[in-house]
Amino acid sequence: MADETKSKTAELRVDGKVLNLPMMEDRAGYRAVDIRSLWKDARVYTYDPGFGCTVSCQSAISHVDGEQGKLLYRGYPVELLTEHCSFIEVAYLLIHGTLPNHEQSEKFSALFNRHSMIHEDMRTFFRRYPERAHPMAVLSAMVVSLSSFYPEVENTEEDIDIAATRLLSKLRTIAAFSYKKSIGEPVSQPSYKLSYCANFLNMMFSSPVVDYQVDPVIVRAMNQLLILHADHGQNCSTSTVRLVGSSGANLYASICAGICALWGPLHGGANQEVVEMLERIQREGGNVDSAIAQAKDKANPRRLMGFGHRIYKTYDPRAAIAKKICHDVLARLGKHDPLLDLAVELETKALADPYFVERKLYPNVDFYTGITYRAMGFPTDMYTVLFALGRLPGWIAQWQELKRDPHQRIGRPMQLYTGEMNPDFVPIEQRS
């Protein structure tokens with residue numbers, strides 16, 4: 001919990017009245033003014049579109065330091081976790097608060113195998129979707145449908161493990177099934193012989209006529225990419241999960257809402273936008289200088305996708321890891337992707353341009369992940385699904401933390417009304 005220091009207050013003057021508002025400080029040194037009594041004491045609200053300066057909760061799950069370019073999961077640097085842990089270990093860390101020992105890891109993994117298959121009746125849903133249904137539409141609908149097949153959970157450790165592994169394991173299966181549906185191929189069932197990411201890759205790319213070979217280098221890359229997306233503070237989709245959860249909605253409904261929030265191009269869809277931008281530059285002759293000039297022109301709607309971040313004012317730590325993963329994957333697969341060459345040239349020239357440096361527009365995590373997914377064989381409309389798969393343990397942990405927080409209430413932002421006040425009412429027969 002953040003510390004409240006009574007001796008430190010913020011002074012606010014409203015209509016001649018002086019209010020001394022308590023200051024709070026978290027372990028990273030970030031301070032906040034406690035305004036919970038502002039309406040009661042002064043009859044005023046705060047105005048903050050996008051909630052960029054509003055603290056909505058206290059959380060111990062992840063910490064983002066935008067000035068220093070750091071991301072911590074439960075205190076651990078993301079660089080350390082991507083190098084030494086599997087995605088399942090990180091999921092356990094976010095949900096339980098500690099890294100698992102060998103026994104806990106084995107038990108957690110066993111639950112993943114037990115809950116990996118979806119109910120046979122849910123196959124009917126897949127058959128009814130149009131062939132070209134967007135995988136995010138299928139994913140969100142299938143997740144909320146899980147509440148019809150599986151009971152809600154209590155807050156015991158065992159029940160939380162079951163809920164977490166059920167969602168994490170089944171979401172992976174649903175994602176692979178939705179892809180197979182879109183290309184008209186039969187689904188591949190999960191196997192108890194394979195690890196989490198190996199299972200997902202096998203379900204995605206194996207078929208009765210393709211003996212897909214699970215490559216440990218690609219499996220490691222998949223683990224790392226999912227870890228990079230596992231949590232990131234109170235972003236749009238995570239805040240949505242909490243907001244929906246604050247109404248008392250169950251875990252499935254809250255996660256479904258988070259998936260829908262992630263779908264937007266300004267959030268989870270950004271990696272797809274990066275690849276589409278690079279493809280467009282390639283089609284137009286590969287002129288990176290022209291693309292940079294267009295991005296700097298305020299009259300031109302084109303921007304450099306994958307550059308800049310709401311929080312980071314330096315290089316996104318996840319982007320550096322994603323860049324290395326991208327090079328490793330392409331080297332392993334023996335592929336030469338001209339889009340990667342364009343991306344590297346674009347990054348080099350943009351970071352040498354005063355326009356981008358002065359505005360602190362550095363590559364973010366989305367800049368290289370799309371190229372990596374493309375090399376692995378994922379179609380572009382699956383990129384956001386992969387983001388959702390990675391973010392899921394964070395969403396679960398955030399929902400769980402919300403439920404245990406005694407200070408949380410149902411979310412209810414206020415507004416400044418700009419409409420009419422008491423206009424003349426005209427009966428319908430007299431309206432022109």
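The values are calculated or read from the model by the stated rules, or taken from the named source; none is laboratory data. Computed from a prediction, not measured in an experiment: that's the story for all the values here. Positions of Cβ are backbone-derived with ideal geometry, glycine not excepted, and every protein chain shown enters the neighbour counts.
Residue pairs whose Cβ atoms lie under 9 Å apart, separated by 6 or more positions or on different chains, with the first residue in the stretch 40-59 and over 17 Å from V14 (Cβ atoms) and the second surrounded by 11 or more Cβ atoms within 10 Å (Cβ to Cβ) and among the aromatic types (F, W, Y), are V55/Y30. Among the residues of the stretch 303-335, those that are modelled with pLDDT of 90 or more, of a type outside the set (A, V, I, L, M) and more than 17 Å from the chain's Cα centre (by Cα) comprise K323, K324, C326, H327, D328, R332, G334. If you take the residues in the stretch 51-88 that are under 18 Å from the mean Cα position of the chain (by Cα) and in a helix (DSSP H, G or I), which one is modelled with the lowest pLDDT? Checked the stretch 51-88; the qualifying residue modelled with the lowest pLDDT is F51. Number of residues in the stretch 247-288 that are in a loop (DSSP other than H, G, I, E, B), within 19 Å of the chain's Cα centre (by Cα) and of a type in the set (G, A, S): the value is 3.
Only a single criterion out of (1) surrounded by 15 or more Cβ atoms within 10 Å (Cβ to Cβ); (2) of a type in the set (G, A, S); (3) closer than 29 Å to R36 by Cβ is not satisfied by G419, namely (1).
Going through (1) of a type outside the set (D, E); (2) over 21 Å from P317 (Cα atoms); (3) surrounded by 15 or more Cβ atoms within 10 Å (Cβ to Cβ) one by one, P130 falls short only on (3).
Pick from the stretch 193-223 the residues that are aliphatic (A, V, I, L, M) and in a loop (DSSP other than H, G, I, E, B): which of them is farthest from R391 (Cα to Cα)? Taking the candidates together, the pick is V209. Among the conditions (1) closer than 21 Å to N223 by Cβ; (2) in a loop (DSSP other than H, G, I, E, B); (3) among the β-branched types (V, I, T), I118 misses just one, which is (1). Of all residues in the stretch 233-285, those satisfying the criterion of being more than 18 Å from L402 (Cα to Cα) and of a type in the set (S, T, N, Q) are N271, Q272, Q282.
Can you tell me how many residues in the stretch 263-285 are closer than 18 Å to F307 by Cα and either free of Cβ contacts under 8 Å to residues at least 60 places away in the same chain or crowded, with 16+ Cβ neighbours inside 10 Å (or both)? Total satisfying the criteria: 16.
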